[in-house]
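**Q** First the structure, which I've put down as structure tokens, then a few questions once you've had a look.
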Ligand code: ADP
């Protein structure tokens, strides 16, 4: 393990980490705390306050005050808002090592992935949206109705920041998913209360410090720490929230959607996936396909919403491609995320690993064949082998439900129609991949897939410039890209009669 940076060593000395509001770390109203555990060693690395309803209210009041019309943030020119976001991107890059080490400590993922996906992804996202601050525009519109009394008119729309945003994020990419919400919301001129996951609450606290150093006015970006059922629920139900943006499971997304609807609060939800990979039988480099399919499921221990967890392989090449995928899975070296030679770290928590193991047991008892992996390894740490099943029945729980772990199920298909019918036979529709050299087959498949994101000949990788979101129960709305900014604006239609 490398030596922790001085900044991080100092940060970890804090006896109890607490909320961030009105530009400062403030102690909690409640005495309740919870531990943060390093999933690689099972050691407690920090204690964190569990936010009460009063803490949530204080954070929302802070964000509301910073959103008032005469506040520094509301009066700031878009160009200056953009400069702060750009500066924050630079600060993130300057502090890459500290942030990445902290993500690895709290989440378990490989340090190199924490650097590229979490820290690198967050910096790119802030930089992308820094440029959008100066490009939020309304339209002028000619009306169909004549104005009364022969008068004339001038009609237009204004895009205004929607208000105080509640951002609730998961533990799989603690920094980058937070940035997917913070960057566009702040670019639009909103203020934010962020609730990180109880598994990974630490790295966003360092981010808040960097945001202040970048010149973010007090109260614009607030963090309330805590769990889902107390802290998260109080936040989504708060009457002064104008928008709830959530990434997490479909189950929790439904609860949050219902709670937000009680106050008719806007929502955007990026939820679960059970994303198919379709491998056709044309002459393609099947070893490279197997590498791509394996990377698509085993990256980040399979704890990725767009993970390709079902692979449909043409029956003519099924045995060969499955063998190649198993070969890739068996080559994976499992170890502590700080070990530079490791390819895969531990799962995030004991309870999550148990849930994944339960699905593996169920797959076996439902009659799927376990062709690779399936076992916990090492005495300490929540490690699990990359696991591959083969099956023919599309009704199995391991094919229908999101496992969110390193578990792949391979199923053979006869032709394009059959592949698409199986791929679309799911209540989820987040992402899909298609593996073929045949362009017409690829386009036919893209057009018929019920998925919000389709990649051809590559595992899905998110990018700040490309919208992300799901069909069916995988979500409501899209984040990232140009469209991502509109999640955080509201339209005012104006007609001036003269
Ligand atoms: P997981 O169970 O794997 O943590 P979730 O989708 O439940 O996945 O959690 C994602 C985020 O949602 C976390 O920050 C969690 O605290 C939060 N959360 C969970 N339940 C609720 C809830 N009822 N209301 C608001 N937030 C919640």
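**Q** Within the stretch 316-422, considering only helices (runs of 4 or more DSSP H) that don't extend past its boundaries, which have at least 3 residues that are over 18 Å from residue 276 (Cα atoms) and outside the structural domain of residue 197 (by TED's automatic domain parsing)?
**A** Where helices (runs of 4 or more DSSP H) fall fully within the stretch 316-422 and carry at least 3 residues being over 18 Å from residue 276 (Cα atoms) and outside the structural domain of residue 197 (by TED's automatic domain parsing), they are 318-331, 350-365.
**Q** If the requirement is being within 12 Å of the ligand (Cβ to nearest atom) and in contact with a strand residue (DSSP E or B) (Cβ under 6 Å, 6 or more places away or on another chain), which of these qualifies: 201, 196, 174?
**A** 201
**Q** Do you know which residues across the stretch 253-301 are in a loop (DSSP other than H, G, I, E, B) and within 16 Å of the ligand (Cβ to nearest atom)?
**A** Selection gives 263, 265, 271, 272, 273, 274.
**Q** Another one. At positive phi and either assigned by TED's automatic domain parsing to the domain that holds residue 166 or near the ligand (Cβ under 10 Å from one of its atoms) (or both): is that true of residue 244 in this structure?
**A** So residue 244 fails the test.
**Q** I want to confirm something. Restricting to the stretch 222-241 and keeping residues that are under 21 Å from residue 162 (Cα atoms) and not in a loop (DSSP other than H, G, I, E, B), which single residue is farthest from the ligand (Cβ to nearest atom)?
**A** Filtering the stretch 222-241 for residues that are under 21 Å from residue 162 (Cα atoms) and not in a loop (DSSP other than H, G, I, E, B), the one farthest from the ligand (Cβ to nearest atom) comes out as 222.
**Q** Shifting gears a bit: Exactly one of (1) over 18 Å from the mean Cα position of the chain (by Cα); (2) within 10 Å of the ligand (Cβ to nearest atom) is unmet by residue 217. Its number?
**A** If we test residue 217 against (1) over 18 Å from the mean Cα position of the chain (by Cα); (2) within 10 Å of the ligand (Cβ to nearest atom), just (2) comes out false.
**Q** A further question on this structure: Of everything in the stretch 428-445, what is exposed (fewer than 14 other Cβ atoms within 10 Å of the Cβ) and touching a residue at least 12 places away in the same chain (Cβ under 8 Å)? Give them in sequence order.
**A** Scanning the stretch 428-445 gives a single hit, 437.
Okay, residues lined up against (1) crowded, with 19+ Cβ neighbours inside 10 Å; (2) within 30 Å of residue 198 (Cβ to Cβ); (3) at pLDDT 95 or above:
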site	(1), (2), (3)
328	yes, no, yes
332	no, yes, yes
348	yes, yes, yes
356	yes, yes, yes
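**Q** Identify, by number, the condition in (1) within 16 Å of the ligand (Cβ to nearest atom); (2) over 16 Å from the mean Cα position of the chain (by Cα) that residue 144 doesn't meet.
**A** (1)
The values are calculated or read from the model by the stated rules, or taken from the named source; none is laboratory data. Just so it is clear, the model here is predicted, and its values are computed rather than measured. As a convention, Cβ positions derive from the backbone with ideal geometry for all residues, glycine included, and neighbour counts pool all protein chains shown.
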